[in-house]
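Undergrad: Quick one: the structure is below, and I'll ask about it shortly.
The values are calculated or read from the model by the stated rules, or taken from the named source; none is laboratory data. Bear in mind that the values here come from a model prediction, so they are computed numbers and not experimental data. Every residue, glycine among them, receives a Cβ derived from its backbone with ideal geometry; neighbour counts consider all protein chains shown.
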Amino acid sequence: MAQAWDKASWRSKPAQQLPDYPDAARLGEVERKLAGYPPLVFAGEARNLTQRLGAVARGEAFLLQGGDCAESFAEFGADNIRDTFRVLLQMAVVLTYAAKKPVVKVGRMAGQFAKPRSAPTEKVGGLELASYKGDIINEDLPTAEARTPDPDRMLQAYLQSAASLNLLRAF
């Protein structure tokens with residue numbers, strides 16, 4: 001029988017990619033702050049996607065997923081969001097015509113800020129540094145300070161995700 005889900009159930013599961021934040025107190029503050037923020041995706045949106053993915057599983061629709069491997073804070077902007085969305089829509093038009101089926105479009109955007117790594121460290125210019133794990137965790141600059149996990153980056157990721165979703169919902 002499946003376990004009941006709750007918002008902290010993930011903490012009891014094995015995890016290979018969680019960052020080691022040096023300031024546990026600050027991490028707790030950020031987690032509590034984020035827990036009080038509104039959801040980025042609403043229950044009705046999740047139910048709608050579940051139904052549409054069911055159509056894909058039954059062969060009644062085609063799934064198109066696209067976007068960046070990982071978003072960056074530096075490249076955030078309305079033009080980048082719009083351009084990525086436009087490419088997805090253009091691809092969907094071609095697929096709809098070719099497959100003669102509806103296309104379920106899933107964007108890797110508005111929250112795709114983490115990058116799993118195969119090793120906890122990497123060599124950069126002769127220095128052994130913590131691996132860059134995406135802008136939600138640390139910076140890609142080749143310094144020990146930049147590579148230190150910073151929980152405040154989760155707040156910036158939330159705000160950029162919310163702004164991106166706001167723009168996407170307007171299309």
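Undergrad: Could you grab me the full set of residues in segment 1-37 that are among the hydroxyl-bearing types (S, T, Y) and part of a loop (DSSP other than H, G, I, E, B)?
TA: Hits for segment 1-37 are Y21, Y37.
Undergrad: Then there's this: Based on what the data block shows, is L129 in contact with a Lys or Arg (Cβ under 8 Å, 6 or more places away or on another chain), surrounded by 15 or more Cβ atoms within 10 Å (Cβ to Cβ), aliphatic (A, V, I, L, M) and more than 26 Å from Q17 (Cβ to Cβ)?
TA: No; evaluated as a whole, the condition is false for this residue.
Undergrad: Does A119 count as more than 24 Å from R26 (Cα to Cα), exposed (fewer than 14 other Cβ atoms within 10 Å of the Cβ) and hydrophobic (A, V, I, L, M, F, W, C)?
TA: yes
Undergrad: Taking A55 as the residue in question, decide whether it is of a type in the set (A, V, I, L, M), modelled with pLDDT of 95 or more and surrounded by 10 or more Cβ atoms within 10 Å (Cβ to Cβ).
TA: yes
Undergrad: Anything in segment 58-81 that is of a type outside the set (V, I, T), touching a Leu at 6+ places or on another chain (Cβ under 7 Å) and surrounded by 15 or more Cβ atoms within 10 Å (Cβ to Cβ)? List them, or say none.
TA: Once the filter is applied, which keeps residues that are of a type outside the set (V, I, T), touching a Leu at 6+ places or on another chain (Cβ under 7 Å) and surrounded by 15 or more Cβ atoms within 10 Å (Cβ to Cβ), segment 58-81 yields F62, L64, G66.
Undergrad: Is it the case that K105 is at negative phi, crowded, with 16+ Cβ neighbours inside 10 Å, modelled with pLDDT of 95 or more and not aromatic (F, W, Y)?
TA: yes
Undergrad: If you don't mind, there's one more thing I want to ask. Out of curiosity, is E75 assigned to a loop (DSSP other than H, G, I, E, B), without any contact (Cβ under 8 Å) to a residue 40 or more places away in the chain and within 18 Å of the chain's Cα centre (by Cα)?
TA: yes
Undergrad: A further question follows. Which condition number in (1) buried (at least 18 other Cβ atoms within 10 Å of the Cβ); (2) within 21 Å of P151 (Cα to Cα); (3) more than 16 Å from the chain's Cα centre (by Cα) is the one that A110 fails?
TA: (3)
Undergrad: Here is a follow-up. If you take the residues of segment 1-23 that are aliphatic (A, V, I, L, M) and exposed (fewer than 10 other Cβ atoms within 10 Å of the Cβ), which of them is farthest from A119 (Cα to Cα)?
TA: The residue in question is M1.
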